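J.: The structure's right below; bear with me while I get my questions together.
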Amino acid sequence: MPDPNRIRRIGIVSGVADELAAFRPDLPRETVKADGLFVQHLRLGEKEIYLTCAGIGKVAAATAATLLHTVFGAELLMVIGTAAKIGEIDGAVFNLTEALQGDFGAQRAEGLTHYTAGSWPIGEASVEAFAAMSVAGLDLPVARIATSDLFIEHAPHAASLAEKLGAHLIDMETAAVAQTASILGLPWLAIKATTDAADEDSAGSFVENLAAAAAASAAAADRAIALL
């Protein structure tokens, strides 16, 4: 795994283009096409930042993260953008220290039995989260996030995920990037701001709060990068 003190190339993934656009809009950026994805490049001091959005969902996020490493040499994978709050936690912008998949496991008569992403979903169940890189001095509340390919608009389901997985937030990207980082032997970070509560009002709340949450996440991510 790269030395955290010598990271110079950072790959940033989001699910929505607006979330990337909110990151340092004051700086010039170059856009290049690589293997079907458009990747934006900018410089922050000595650091090279590569940003891309392949679309919403775990496959898109994992594909984007892999490309940022294999084509652009990203030494750290980072997720920025928005999430829904599903657990009891104070705050609106979070440093995600743990991520797990909320829809991986075995579907049984009693419902979905959760397993660690990538493991055999057979036999005794256990769930281990992917742990993020620690950033000293980052003054943000920490949270555990569950990632799902489902956009959750049902409060009882959200509450069930929070209880079963100990998750505070849910999104559609972070655990996929975290798992990709684990496979590739890379550190990862994630900064998410909340837009909704994964309930029946989620679609409207997400649209209404997207711009402000994207800006808040991007600003916090900029602070995190400055601390690396």
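J.: What FRET efficiency, computed as 1/(1 + (r/R0)^6) with R0 = 45 Å and r the Cβ-Cβ distance, is obtained for GLU128 and THR31, rounded to the nearest 0.05? Please report the intermediate quantities before stating the final value.
T.: On the way: r = 38 Å, r/R0 = 0.83.
Efficiency, from the Cβ-Cβ distance: 0.75.
J.: Under a 1.4 Å probe, what is the accessible area of the range 54-107 per residue, stated in Å²?
T.: Details: 1890 Å² over 54 residues.
About 35 Å² of surface per residue is accessible.
J.: Considering only the chain, what is the antiparallel percent among its DSSP beta bridges, to the nearest 5? Numbers along the way, then the final one.
T.: Working: 22 of 48 bridges.
Percentage antiparallel, nearest 5: 45.
J.: Kindly identify the range 99-228 as rounded, prolate or oblate by the Cα gyration tensor criterion: order the square roots of the eigenvalues as a ≥ b ≥ c, call it rounded if a/c is under 1.5, otherwise compare a/b with b/c, prolate if a/b is larger, else oblate.
T.: Details: a/c = 2.42, a/b = 1.22, b/c = 1.98.
Verdict is oblate for the range 99-228.
J.: Grab the other residues whose beta carbon is less than 9 angstrom from that of ILE80, score K and R as +1, D and E as -1, and report the net. Display every interim value, and only then the final one.
T.: Values: positive: LYS192; negative: GLU19.
Local charge sum for ILE80: 0.
J.: Please return the longest stretch of the chain lacking exposed loop sites, where GluC sites (Glu not before Pro) count only if DSSP places them in a loop and at most 13 other Cβ atoms lie within 10 Å. Can you show the working numbers first?
T.: On the way: sites that count: GLU46, GLU88, GLU110, GLU124, GLU128, GLU200.
Counting at most 13 other Cβ atoms within 10 Å as exposed, the longest clean stretch of the chain is 129-199.
J.: If you split all Cα-Cα distances of the range 1-60 into 5 Å bins from zero, what percentages do you get per bin, shortest first?
T.: 4, 16, 26, 25, 15, 12, 1
J.: Further, regarding this structure: Need one number: nm distance between label points at ARG43 and ASP90, each 7 Å from Cα along Cα→Cβ, rounded to one decimal.
T.: 4.3
J.: In whole percent, what relative contact order does the chain give with Cα contacts below 8 Å and a gap of six or more residues? All intermediate terms of the calculation are to be shown ahead of the outcome.
T.: Working: 526 pairs, mean separation 61.7, N = 228.
Relative contact order for the chain comes out at 27 percent.
J.: At a 1.4 Å probe, what is the % contribution of carbon and sulfur to the accessible area of the chain?
T.: Details: 5450 of 10290 Å².
Here it works out to 53 percent.
J.: Net charge within 15 Å of THR66 by Cβ-Cβ distance, Lys/Arg positive one each and Asp/Glu negative one each, not counting THR66 itself? Before the final figure, lay out each step's value.
T.: Values: positive: ARG9, LYS58; negative: ASP35, GLU75, GLU173.
Counting the neighbours of THR66, the net charge comes to -1.
J.: Still on this structure, please answer the following. Given contacts defined as C-alpha pairs under 8 Å and at least six residues apart, what's the relative contact order of the range 145-195, whole-number percent?
T.: Over the range 145-195, the number comes to 40 percent.
J.: For the range 81-158, what does the alpha-carbon gyration tensor say about shape, rounded, prolate or oblate, given a ≥ b ≥ c as the root eigenvalues, a/c under 1.5 as rounded, and a/b over b/c as prolate? Working shown, then result.
T.: Numbers: a/c = 2.85, a/b = 1.53, b/c = 1.85.
It is oblate, given that a/c is not under 1.5 and a/b is not larger than b/c.
J.: For the chain, what does the helix formula give at 222 nm: sum of -39500 (n - 2.57) over DSSP H segments with n ≥ 4, over the residue count, nearest 500 deg cm²/dmol?
T.: Values: 5 runs with 65 residues, N = 228.
After summing the helix terms and dividing by the residues of the chain, the value is -9000 deg cm²/dmol.
J.: Let me ask something additional. Which net charge results for the neighbourhood of LEU44, defined as the other residues with beta-carbon distances under 13 angstrom from its beta-carbon, given Lys and Arg at +1 and Asp and Glu at -1? Can you show the working numbers first?
T.: On the way: positive: ARG8, ARG9, ARG24, ARG29, ARG43, LYS47, ARG223; negative: ASP26, GLU46, GLU48, ASP222.
Here the count lands on +3.
J.: Rounded to the nearest 5, what % of the DSSP beta bridges within the range 1-105 are antiparallel ones?
T.: Values: 11 of 20 bridges.
In the range 1-105, approximately 55 percent of DSSP beta bridges are antiparallel ones.
The values are calculated or read from the model by the stated rules, or taken from the named source; none is laboratory data. The structure displayed is predicted, hence computed values, not measured ones. No Cβ is skipped: glycine too gets one built from the backbone with ideal geometry, and neighbour counts run over all protein chains shown. Heads up: the accessible areas ignore ligands, DNA and RNA and are worked out on the full protein's heavy atoms, side chains in. Shrake-Rupley method; radii C 1.70, N 1.55, O 1.52, S 1.80 Å.
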